[in-house]
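A quick write-up on the structure given underneath.
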Amino acid sequence: MSDAIDLIQRFCDEFGKGASVDEIVAYFTDDAIYHNIPVEPAVGPEAIKAVFAMFTTGVERIEFRVLNIVGEGDTVLTERVDVFVLPNVTIELPVMGTFEVRDGKIAKWRDYFDLNQYMNQLTGA
């Protein structure tokens, strides 16, 4: 496994182990960009931390089930199911993620998913 793939696999595993927002943000470069494609990108550690805090509020646990992971150079693609365990519902969201690694840290992370799938599971629609 390449260093970039190993880094991203460890990063994804940390979510399921209850890592803190600070521990997760430590994986990113100082100028990193995190972009959930349906919403605006977050630039820099503080903005990324705010996005993580927003989508983890009320969530008991998050798990990234990595189904497939491949890389070429410093770019890693993940096919995942992101699992959000809330007090009254568990949401399983199919996600395709693209990570760009620089100097052993995540410089860019883009996730592609259907926000309606998340909202429908959240509301029970």
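A compact table of results
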| item | result |
| --- | --- |
| Gain on full stretching of the segment that runs from ALA107 to MET119 - 0.36 nm per residue minus C-alpha separation | 1.5 nm |
| Mean residue ellipticity (222 nm) of the chain, computed from DSSP H runs ≥ 4 via -39,500 (n - 2.57), nearest 500 | -9500 deg cm²/dmol |
| Inter-centroid distance (Cα atoms) of segment 4-71 relative to segment 100-125, Å | 9 Å |
| Order of ILE37, ILE24 under a 10 Å beta carbon neighbour criterion, fewest first | ILE37, ILE24 |
| Nearest-20 debye value, the chain charge dipole, Cβ charges on Lys, Arg, Asp, Glu | 240 debye |
| Residues LEU93, LEU7 arranged by fewest to most Cβ contacts within 10 Å | LEU93, LEU7 |
| Mean separation of Cα contacts under 8 Å (6+ apart) over length of the chain, as relative contact order % | 26 percent |
| Sequence-distant residues sharing a close amide H with ARG61 (under 5 Å, placed H) | VAL85 |
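Quick note: the coordinates plus some simple rules give every number you see, no bench work behind them. Note that this is a predicted model, so its numbers are computed, not measured. Note that we place each Cβ from the backbone using ideal geometry, even for glycine, and neighbour counts take in every protein chain shown.
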